[in-house]
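What follows is a set of notes on a single structure, which appears directly below.
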Amino acid sequence: MAKETLKHSPTLNTILMVEEALKDANKIVSIAELKRKIPRKVMHQTILQVLDYLQLSGKIIVGTEGVLWVFTERKDLDALIKKGIEK
């Protein structure tokens, strides 16, 4: 029987910490800049796993220049709908 190597998974706290840093940035952020913005040190591989998850869930876009938060929370969307013009 072959030994399975367990891949380290990011904690929910780490995912939320990265999400907050990206939301607060309001611009394209490089991975190096993201590492400086988060309050705790996180391994590079772990940040990449978090970014993969956030990209698959449609919350960020990863490009050649960096990472951009694109997800609009429902409360923000509701406020925009209320401001809209009804025909």
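Every number in this text was worked out from the coordinates using simple rules, so none of it is lab data. In this text the structure is predicted, and so the values were computed from the model without any measurement. Cβ: placed from backbone, ideal geometry, glycine included. Neighbour counts: every protein chain shown.
Among complete DSSP H helices in the chain, those whose alpha-carbon atoms stretch at least 15 Å along the helix's long axis and whose mean Kyte-Doolittle hydropathy reaches -1.0 are 12-25, 44-56. Would you tally the net charge around Lys37, using a Cβ to Cβ cut-off of less than 15 Å, leaving Lys37 out, and scoring K and R as +1, D and E as -1? Net of charged neighbours comes to +2.
Straight-distance candidates among the lysines for linking to Lys83, with alpha-carbon spacing under 20 Å and chain neighbours fewer than 8 residues away dropped: Lys75.
Estimated purely from DSSP H runs of n ≥ 4, each contributing -39500 (n - 2.57), the mean residue ellipticity at 222 nm for the chain is -15500 deg cm²/dmol once divided by its residues.
Highest-first packing order for the peptide set 55-66, 14-25 is 14-25, 55-66, based on the mean count of other beta carbon atoms within 10 Å.
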